[in-house]
């Protein structure tokens, strides 16, 4: 279904303003836009900002019947509440205000309690529910019986109606509305796309399966390959988009069925000659990486893979319910290297049940996995977000702490709390900021591998130098991690050798600064002194600027 589809001219038209973050094109909001337009409503979109003045101005100018907020990050619940409260105080005609997203879907009662200005919450998939809500609001009809909606009773109690069945056929959905996105001015325009919804895996730290499982139906639904490539071709021909970021939770989930489906997408791209004009990125698990399917996808334009590695320790992988062994990660890395594909990976150095032994195994794994500098060693810890099995487990164990919106926990060995505080202090800028060394090196490594007509060309010597810089960064990180771990394991609970740890932090910072100078020189050499390294890849990463890791809480 084309994104140029027009609505029934005889339908009753309302106005809906959608508010949320717009990095990575925010396909969730843009699918809602298209669904509303197909139902005959006028739709606007605004970028969320903590300062409510810009949103108030937009609401005043657009005069919407509904304002719908997309809450992506759980930790921002109260910030959204402040903006919604300001909207109510501004006296803007009392539009119906609703909100959606993973966290509001799971914790609708908590969100309704926290945000008095809300009228409703759209739970789980929202296209059909929001369209029905818009119809009822415009026609001044009762909306409280809408399937998939949560709201307050007259006494203030939060209630939820029956959940709505998910959209069975994704090809019936209109393509996301992207008309206001400025692709044309980019040197190498990058667009996001979804070819499927859902994930069958049950990892303890992830809310994706619970999100889709709650409504029933298939755990993963696939679009027709021809429809996916139709959308890609339209974006390429009409908007100049040539780099595609598949936002599917796991592009190769469901085994043989998914491999056949992915191969058909590659065949469509090849048949239309798009494989020579575009490049794309996917995400998958390590045990789904096979040489045959990777080479097939590469022939269709695949250039980059994001791997859900998470841990290199057997015990931690069991705690995460990943259902694979560390060797599968190593094997996946070998396959991707042999195919000439760049890759990145998610990695949790620590999780709620970590021990000194599991952390040490993870550091050793990083050395083996990326010690050659093919990709950047990044690491964080597991966070117990709403809807995740690990959160429920921590609650049962009376270990969940922090606030409802920023959940936290202590490690079972308090010396690991001190170790993590040191990790955060030492690696905050490197790991968790958009201008940090990890982001810059990842982007350089991506560009060095990218085979694309619009990409900057790296010489073999330049590619080798990028790998050298990544290798140097990885080794420095592993070295100080290991030394700090040794130091704290040898310490008494509650006591640390702060002078030694400070020395390790200083070593890490000096090495980071030295590598950054080399990166800057490399950027000048390849791109020129006045250009930034953002072509095609920078917008594929979203940094959560509010959680403890991104803010560097405890890093002072």
Handout entry: Cα gyration tensor of segment 190-240 - equivalent ellipsoid semi-axes, whole Å, descending
Key = 29, 12, 7
Exercise for the section: Against the globular-protein guess of 2.2 N^0.38 Å, express the Cα radius of gyration of segment 278-320 as a ratio, rounded to two decimals. Expected result: 1.41
Handout entry: Helix-derived mean residue ellipticity, 222 nm - over the chain, DSSP H n ≥ 4, -39500 (n - 2.57), to 500
Key = -14000 deg cm²/dmol
Problem - Residue order, fewest to most beta carbons within 10 Å, for 473, 263 - result: 263, 473
Fill in the blank from the handout: When 505, 77 are ranked with the fewest other C-beta atoms within 10 Å first, the list becomes 505, 77
Problem - Residues 380, 438 arranged by fewest to most Cβ contacts within 10 Å - result: 380, 438
Completion exercise
Square roots of five times the C-alpha gyration tensor eigenvalues of segment 7-85, ordered largest first and given in whole Å, equal 23, 15, 9
Handout entry: Antiparallel content of DSSP bridges confined to the chain, in %, to 5
Key = 20 percent
Fill in the blank from the handout: Relative to the chain, whose Cα atoms define the longest principal axis, helix 437-449 and its Cα axis are tilted in degrees, nearest 10, by 90 degrees
Problem - Contact order relative to length of the chain, as percent, for alpha carbon pairs under 8 angstrom and 6 or more apart - result: 12 percent
Practice task
Please quote Rg/Rh for the chain to two decimal places, taking the Kirkwood radius as Rh and restricting both calculations to Cα atoms.
Solution key: 0.96
Exercise for the section: Send over the Kirkwood Rh of segment 15-160, from the inverse of the averaged 1/r over different Cα pairs, rounded to one decimal Å. Expected result: 15.0 Å
Handout entry: Pairwise Cα inverse-distance average, inverted: Kirkwood Rh of segment 74-225 (Å)
Key = 17.6 Å
Handout entry: Highest-first arrangement of 442-450, 55-63, where packing means the average Cβ count within 10 Å
Key = 442-450, 55-63
Practice task
Quick one: angle between helix 326-338 and the longest Cα principal axis of the chain, in degrees between 0 and 90, rounded to 10, please.
Solution key: 90 degrees
Exercise for the section: State the dimensionless ratio Rg/Rh of segment 285-379 (Rg: radius of gyration of Cα atoms; Rh: Kirkwood radius). Expected result: 0.99
Exercise for the section: Report, to the nearest 10°, how far helix 225-239 tilts away from the longest principal axis of the Cα atoms in the chain, using its own Cα long axis and a range of 0 to 90°. Expected result: 90 degrees
Exercise for the section: Starting with the highest mean, order 322-329, 391-398, 420-427 by the number of other Cβ atoms within 10 Å, averaged over the residues of each peptide. Expected result: 420-427, 322-329, 391-398
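No value in this document is a laboratory result; all are computed from the given coordinates. Just so you know, these numbers come straight off a predicted model, no measurement behind them. All Cβ positions, even for glycine, are placed from backbone atoms using ideal geometry, and neighbour counts span all protein chains on display.
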